[in-house]
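Here's the structure, in structure tokens; my notes come after.
The values are calculated or read from the model by the stated rules, or taken from the named source; none is laboratory data. Bear in mind that the values here come from a model prediction, so they are computed numbers and not experimental data. All Cβ positions, glycine included, derive from the backbone under ideal geometry; neighbour counts span all protein chains shown.
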Amino acid sequence: MSKNRIKIAILLSVIIVIGFVSYIYTQNNQSIKEQVVINYYSQPDINGVVSEIISNFEKLHPDIKVNLVELPPNTDDKLITIKKAFQSGEMQVDVFDSDIVWPPIFAASGWAEPLDEHVSKEELEKFLPESVNANLYMGQLWGLPYRIDAGMLYYRKDLLEKYNKNVPMTWDELVETSIYIMEREDNIKGFGASWDEFEGLTANALEYIWSFGGSIFSDTHSQQVNINTKESIDALSFMVDMIHKHKITSNEITVYSSGDVRESFFNGDIIFMRDWSSGWELSQDPQNSEVVGKVGISELPLGDMKGNNYTTLGGWQVMVSSFSNKKEAAIEFAKYRTSEEAQKVGALKMSHLPSIKKLYNDSEINESMPFLKYMYPSFEKAYLRPVSPYYAEISKTIQNSVHRALLNELTPTQAIELIEMNLKNITQTKQVVAN
């Protein structure tokens, strides 16, 4: 082979190599340029749960980057923040967390994307029916659940054992046991709950009303207000008496959010606490709790031995913004956020109750959450709060009047009458599908 031919061959080889490298570089640059960034408005990233889920998702989908926008801790503030984000348009909302009562609000406003065409029947069948039903409004699916919840009774099992007391079956028994132990223990109160004027108070108040035989509306799909009954008044009277008559809790309960009552219980200042399941993991963390190994958990007490122990159905879902220009990526992330893999992270790190049925048989989760056996019965007795695009107004009138009664600014009868009047005003002017 002549020297010229060798030079030509070498030159061609160099050109081919340069071309190949250039192609790879171009493809990589194109891939980087085509990476989609979506904004996820999420609950606070406690224990790094959300960050871990996002990281796992991005490894599976390197073409999608998820920008985490943390919402405030308070539930009402979360809703306000999301609404302002939509209204201002300062930062695009692609995916956002939703409390169990919000899907109708965002669906009716036109801010949420219906998901029926993107989620198969087989995919939905993996979830607990209650968690799916909470995301249905006007016959369409608006969100996907990544955790479910129900109110539970936490108790100091060491103190019950010390004084040979059983876990109370009724609220009256809880009062009696609280008084008995308070008379024998220093610096302790009988009961704590999140009774500040916010969404948590609505959830709490409804549990008493239902357990005492009352209701908000006459039946599941009725607009007929039915709260002004002896049962509802008795329920609210009982809540007031816990503070002012029996004195098993201090006036501080009226400013307690979930975080406040947990702190008090974890410090050993309370015998019984009404809380959601997510409090369990924190109660067993020595860095947060002084009562590690001393806590038991059970269903909420009965209103009376003739009644039942109903609990408010809680939970969180993800919804996709109808205004997102990256819906495909947003829906992909929403599906992963509610997947078995992602829910297991939340269950193990934060005691989040899964919305996927299969995970209730997971050995790791059951070992981490020994109270899981109590939850299936609780779901069967769990009620949805009123399902309405105007739920925020319904809840506000309930929590405001109940809170005023707890402060002795209104009698229980006056508070219930005021709730009735305000709910009738809402239902007369706006369509309400009530539970």
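A few notes on this one:
- Some residue of the stretch 211-228 being in contact (Cβ under 8 Å) with a residue 12 or more places away in the chain, more than 22 Å from LYS396 (Cβ to Cβ) and not in a loop (DSSP other than H, G, I, E, B): yes
- Residues considered: GLU173, GLU197. Of these, the only one that is in the same structural domain as LEU418 (by TED's automatic domain parsing), charged (D, E, K, R) and over 21 Å from ARG385 (Cα atoms) is GLU173.
- Candidates PHE127, PHE96, filtered to the one that is closer than 18 Å to PHE333 by Cα, in contact with a Pro (Cβ under 8 Å, 6 or more places away or on another chain), of a type outside the set (D, E, K, R) and not assigned by TED's automatic domain parsing to the domain that holds ILE394: PHE127
- Scope the stretch 135-159; condition surrounded by 19 or more Cβ atoms within 10 Å (Cβ to Cβ) and either more than 30 Å from TRP111 (Cβ to Cβ) or among the charged types (D, E, K, R) (or both); matching residues: ARG147, ASP149, MET152, LEU153, TYR154, TYR155, ARG156, LEU159
- The single condition from (1) under 22 Å from ALA134 (Cβ atoms); (2) assigned by TED's automatic domain parsing to the domain that holds VAL101 that GLU328 fails is (1).
- Subset of the stretch 229-245 [outside any helix (DSSP H, G or I) and either touching a strand residue (DSSP E or B) at 6+ places or on another chain (Cβ under 7 Å) or among the basic types (Lys, Arg) (or both)]: LYS245
- When the stretch 376-405 is limited to residues that are assigned to a helix (DSSP H, G or I) and β-branched (Val, Ile, Thr), the one that is farthest from TRP316 (Cα to Cα) turns out to be VAL402.
- Which listed residue, of ILE253, ILE271, ILE297, ILE248, is assigned to a loop (DSSP other than H, G, I, E, B), assigned by TED's automatic domain parsing to the domain that holds ASN187 and either of a type in the set (Val, Ile, Thr) or surrounded by 22 or more Cβ atoms within 10 Å (Cβ to Cβ) (or both): ILE248
- Considering the stretch 85-155, the qualifying helices (runs of 4 or more DSSP H), each wholly inside and each with 1 or more residues that are among the charged types (D, E, K, R), run over 121-124, 129-133.
- Criterion applied to MET273, MET242, MET319 was being farther than 20 Å from TYR154 by Cβ and in contact with a Ser or Thr (Cβ under 9 Å, 6 or more places away or on another chain), and the one residue passing it is MET319.
- Residues that are exposed (fewer than 14 other Cβ atoms within 10 Å of the Cβ) and in contact (Cβ under 8 Å) with a residue 12 or more places away in the chain do not occur anywhere in the stretch 76-84.
- Candidates LEU144, LEU60 - the one that is modelled with pLDDT of 95 or more, over 26 Å from GLY259 (Cβ atoms) and within 21 Å of the chain's Cα centre (by Cα): LEU144
- Filter pass, TRP111 being closer than 26 Å to ALA193 by Cβ, in contact (Cβ under 8 Å) with a residue 24 or more places away in the chain and crowded, with 19+ Cβ neighbours inside 10 Å: no
- Filter result for SER378 (in the same structural domain as PHE212 (by TED's automatic domain parsing), hydroxyl-bearing (Ser, Thr, Tyr), surrounded by 20 or more Cβ atoms within 10 Å (Cβ to Cβ) and within 30 Å of LYS247 (Cβ to Cβ)): no
- In the stretch 339-367, the residues that are on the phi > 0 side of the Ramachandran plot form Cβ pairs under 6 Å with partners that are hydroxyl-bearing (Ser, Thr, Tyr) and surrounded by fewer than 22 Cβ atoms within 10 Å (Cβ to Cβ), at six or more places apart or across chains, as follows: SER351/SER278.
- Tabulated pairs, the stretch 373-395, first more than 22 Å from SER98 (Cα to Cα), second aromatic (Phe, Trp, Tyr) and surrounded by 18 or more Cβ atoms within 10 Å (Cβ to Cβ), C-beta under 6 angstrom, 6+ apart or interchain: LYS381/TYR310
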